[in-house]
Ligand SMILES: [Zn+2]
């Protein structure tokens, strides 16, 4: 399922994109910086788990990987690492 596709849980959206970004950057008054950092790492870990690699063998017998999250569309599978994982890897280097 792609992030921009019609999601069945779309009505469960509780934050806008900008609110989500602000939540990551702004330290709440009742939370320590350490607690806030731990929550951000936990959120990042959830994204990485969602976008884990999914192995498959192509018609030539080659072992390849798709992104588990970005591959539910049979026509447009996304090679692993997908753009989400690439962006995370870039920031962690
Ligand atoms: Zn992905």
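Please treat every number below as a calculation from the coordinates, not as lab data. In this text the structure is predicted, and so the values were computed from the model without any measurement. Counting neighbours? That spans all protein chains shown, and the Cβs are built from the backbone with ideal geometry, glycine included.
Across segment 24-93, Cα pairs under 8 Å and at least six residues apart give a relative contact order of 20 percent. Per-residue Cβ neighbour counts within 10 Å put 93, 15 in the sequence 93, 15, beginning with the fewest.
How do 80, 56 rank when sorted from fewest to most other Cβ atoms within 10 Å of their own Cβ?
Values: 80 20, 56 12.
Ranked by crowding around the Cβ, least crowded first: 56, 80.
Between residue 56 and residue 16, take the C-beta separation as r, use R0 = 35 Å, and let me know the FRET efficiency to the nearest 0.05. After rounding, the FRET efficiency stands at 0.50.
Which of 88, 26 comes first, and how do the rest follow, when ranked by fewest Cβ neighbours within 10 Å?
Values: 88 14, 26 9.
Listed from fewest to most nearby Cβ atoms, that is 26, 88.
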